[in-house]
Every structure is written in structure tokens, then in C-alpha cells.
Amino acid sequence: MNTYRKYIPNVYLAECTEQHEKGEIITMSTKYGQEHEAEVHNLIFEKNGMFYYSVTRADGTNTQTWAQKRAEKLQGYAGNAEKRADQYLTASNKDSAFLSLGEPIKVGHHSERWHRKVIEQAWNNTGKMVGEMEKAAEYQSRAAYWESRAKDINLSMPDSLEYYQHKLEEATRYHARMKAGEIPQEHSYSLTYARKAVKELEEKVKYAKKLWS
């Protein structure tokens, strides 16, 4: 049985009872009892008779595609909320021709009950319309967030090796130029922060090479 075990932030390894070859397709089981196929990449380590491999989903699902699907799902929710808002708007305007006349309620008249009901329904439907519009706006905001996350690259993806190597080269040049005085330091910790960025990227490149080279 092959299951997932967390390795570092954003990265889960395949915990396997048997050895596998690079490029082999294996069946993975999630903690929710779901199964899917994954491609084996590198053996990361062995422990207590178990083998731990870096893997990617065979169907191409990763954090980017998951974020995109999440964004699309929220956009669908927003669209449905907007449709409901339109329906409530139409319902609230059903008796607008009469209400626009500004006729006072004739207390005791046979029309009193109907008049009050018309006003109440118009207000209720208007309130529901506003509520659905607010829901749509919230869904759109959340969708925009996940849409932006669909472009993220992290260590769970093989592309992260090339990406972090490039970012490391940029950070190293930036630090060297600042140290040489070619780039002004905005504050007393600028050089420290620049060096810290290099160190963090060196660590990510190290992990990326181990996972995906």
C-alpha cells in the first residue's frame, strides 16, 4: 500500500512498502480512502523498512491546477448568486407599477391586507437580492485569490528546480552588487536581508535537486 507522508512544507512523499523504479506508475491512497495514480521520481530515503519517493500525480494535478479548479468553482458560485440576485430583483419589482404611485394603505379597506403584503414582499425580495449580491462579491474575491495562486511554483513540482535555480542566480547577483556598493542599501539591514534571501533559495535548490533532479 502506498500512502502520503509529509516531508517539508508543500511536499508529500509516497510512503511505500516496496521499492519502485524512477518513472514507474504506482497507485496512491489518500487518508480519505481515495486512490489515484502517481509517477515515481526519486528515492528520498528509507526508514523502518519503508521507502519514501518523490512523486507527481499521473493526471497532472498539482497545486496550480488545484488552485485553478478552486477559482473556477468559486466563480461558478458567484455566477449562481448573481442569477439569484436577478431573480429577487425581478420579484421585488413585480408590483412596482402600483407601489410607484405612492398610494397610502387604506386601513380597514379590503385592500389593506394585500397592500401590506405587497410592500413586505418587495422589501424581503430586495433584502435577499442585496444578500446574494454580497455573496457574489465575496465569491469573486476568493476566486481572484485562488486565480493568483494558480501561478505559484513550490517544491511539490518538478519545475521548481529550474525556477529556484533561476531565482537563486538573481538573488546572488543582487547581493553581490549591493555588497560592492553598486546598489544602495535602503536601511541598515538591507545587506542582511539580501544574504538571507540567498540562503533561503540555496536551501530550496538543495531540496529541489533531491526531489526532482
- Message: Six or more apart or on different chains, Cβ atoms under 9 Å: show the pairs whose first residue is in region 128-139 and of a type in the set (Val, Ile, Thr) and whose second is in a helix (DSSP H, G or I) and modelled with pLDDT under 95.
- Response: Val130/Tyr88
- Message: Quick check on my filter: what residues within region 166-190 are surrounded by 14 or more Cβ atoms within 10 Å (Cβ to Cβ) and more than 33 Å from the chain's Cα centre (by Cα)?
- Response: Met178, Ile183, Gln185
- Any chance region 199-211 includes a residue that's among the aliphatic types (A, V, I, L, M) and under 20 Å from the mean Cα position of the chain (by Cα)? no
- Filtered residues of region 9-21 (kept if surrounded by 15 or more Cβ atoms within 10 Å (Cβ to Cβ) and not acidic (Asp, Glu)): Val11, Tyr12, Leu13, Ala14, Cys16, His20
- Message: Against the conditions (1) of a type outside the set (A, V, I, L, M); (2) farther than 29 Å from Gln64 by Cα; (3) touching a Phe, Trp or Tyr at 6+ places or on another chain (Cβ under 7 Å); (4) modelled with pLDDT of 95 or more, where does Asn125 fall short? Just the number, please.
- Response: (4)
- The strands (runs of 3 or more DSSP E) lying entirely within region 1-48 that contain at least 2 residues which are farther than 20 Å from Lys204 by Cα and hydroxyl-bearing (Ser, Thr, Tyr) are 3-8, 25-29
- Message: Step by step: first the residues of region 118-176, then only those that are among the polar types (S, T, N, Q) and outside any helix (DSSP H, G or I), then the one that is farthest from Tyr193 (Cα to Cα). Which residue is that?
- Response: Ser156
- Taking the stated definitions as given, is Lys83 in contact (Cβ under 8 Å) with a residue 12 or more places away in the chain, of a type in the set (Lys, Arg) and either in a loop (DSSP other than H, G, I, E, B) or more than 22 Å from Leu155 (Cα to Cα) (or both)? no
- Return a yes/no flag: does region 22-31 have any residue that is β-branched (Val, Ile, Thr), farther than 18 Å from Lys210 by Cα and exposed (fewer than 11 other Cβ atoms within 10 Å of the Cβ). no
- Message: Residue pairs, Cβ under 6 Å, 6 or more apart or interchain, first in region 182-198 and under 23 Å from Gln165 (Cα atoms) and in the same structural domain as Glu170 (by TED's automatic domain parsing), second among the β-branched types (Val, Ile, Thr) and surrounded by 14 or more Cβ atoms within 10 Å (Cβ to Cβ). List them.
- Response: Val198/Thr172
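The values are calculated or read from the model by the stated rules, or taken from the named source; none is laboratory data. Keep in mind that what you see is a predicted model, and the values were worked out from it rather than measured. Heads up, the Cβs are rebuilt from the backbone with ideal geometry, glycines too, and the neighbour counts pull from every protein chain shown.
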